[in-house]
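Undergrad: After the structure tokens below, expect a handful of questions from me.
The values are calculated or read from the model by the stated rules, or taken from the named source; none is laboratory data. Computed from a predicted structure; not experimentally measured. Ideal geometry is used to build each Cβ from the backbone, glycine not excepted, and the neighbour counts take in all protein chains shown.
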Amino acid sequence: MTDEKQIQKLYRDYWTGMIRKDAQGLRDLMAEDYYLEHMTGVRQTRDQFLAGLLAGTFNYYSAEHDAIEVRVHGDSAEMIGRSRITAAVYGGGKKSWRLQGNFTLRKEAGAWKLTSSGVTTY
């Protein structure tokens with residue numbers, strides 16, 4: 001499987017993990033120094049984000065992927081994923097979002113790991 005295909009699969013696995021609240025599965029996809037920057041500008045470490053996911057601060061119900069663009073630069077990569085997500089976050093009601101995730105990745109011991117992500121709408 002090419003690096004691009006591996007990274008596209010990682011993106012789909014990321015959303016599956018979010019929907020299932022699979023903290024260990026998500027942790028396996030993320031580098032130790034991973035951080036997420038929310039649309040609100042709040043920046044969280046991997047463990048802070050996963051704690052919020054498990055506590056119900058972030059609830060994801062479905063994800064339909066429109067596009068997954070990947071650019072590989074040796075052992076680093078950038079990915080832009082555009083997906084229609086149904087979620088309820090920060091105590092708000094369940095609604096649909098068109099989210100664009102801007103990710104960076106690094107190859108560690110032969111496996112691609114997410115190192116950062118930022119989210120906007122599209």
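Undergrad: List the number of the failed condition for LEU50; all other conditions in (1) out of contact with any strand residue (DSSP E or B) (no Cβ under 6 Å at 6 or more places or on another chain); (2) touching a residue at least 24 places away in the same chain (Cβ under 8 Å); (3) not in a helix (DSSP H, G or I) hold.
TA: The number of the failed condition is (3).
Undergrad: Continuing with this model, one more query. Between residues in region 53-77 that are under 16 Å from TYR14 (Cβ atoms) and residues that are hydroxyl-bearing (Ser, Thr, Tyr) and crowded, with 17+ Cβ neighbours inside 10 Å, which pairs lie under 7 Å by C-beta distance while being six or more apart or on different chains?
TA: As it stands, the answer is ALA63/SER83; GLU64/SER83; HIS65/SER83; ASP66/SER83; ILE68/TYR11, since those pairs meet every condition given.
Undergrad: For region 1-34, how many residues are under 10 Å from the mean Cα position of the chain (by Cα) and either more than 22 Å from ARG84 (Cα to Cα) or among the hydrophobic types (A, V, I, L, M, F, W, C) (or both)?
TA: 6
Undergrad: Here's another thing I want to ask about it. In region 56-83, which residue that is in a strand (DSSP E or B) and in contact with a Lys or Arg (Cβ under 6 Å, 6 or more places away or on another chain) is nearest to SER117 (Cα to Cα)?
TA: Looking at residues that are in a strand (DSSP E or B) and in contact with a Lys or Arg (Cβ under 6 Å, 6 or more places away or on another chain), I get GLU78.
Undergrad: Only one residue in ASP22, ASP13, ASP33, ASP47 is farther than 18 Å from THR115 by Cβ and in contact with a helix residue (DSSP H, G or I) (Cβ under 9 Å, 6 or more places away or on another chain), so which one is that?
TA: That would be ASP22, the only listed residue that is farther than 18 Å from THR115 by Cβ and in contact with a helix residue (DSSP H, G or I) (Cβ under 9 Å, 6 or more places away or on another chain).
Undergrad: How many of the residues making up region 83-101 are surrounded by 15 or more Cβ atoms within 10 Å (Cβ to Cβ) and either over 10 Å from TYR122 (Cβ atoms) or not hydrophobic (A, V, I, L, M, F, W, C) (or both)?
TA: Final tally of qualifying residues: 8.
Undergrad: Which pairs do you get when a residue that is closer than 22 Å to ARG98 by Cβ, found in region 3-31, comes within reach of a residue that is among the small types (Gly, Ala, Ser) and surrounded by fewer than 16 Cβ atoms within 10 Å (Cβ to Cβ), reach meaning Cβ atoms under 6 angstrom, with the pair 6+ apart or on two chains?
TA: As it stands, the answer is GLY17/GLY25, since those pairs meet every condition given.
Undergrad: Let me ask something else. Does ARG46 satisfy the condition of being in contact with a Lys or Arg (Cβ under 8 Å, 6 or more places away or on another chain) and at pLDDT 95 or above?
TA: yes
Undergrad: Any chance you could count how many residues in region 55-82 are hydroxyl-bearing (Ser, Thr, Tyr), closer than 20 Å to ALA23 by Cβ and at pLDDT 95 or above?
TA: Total satisfying the criteria: 3.
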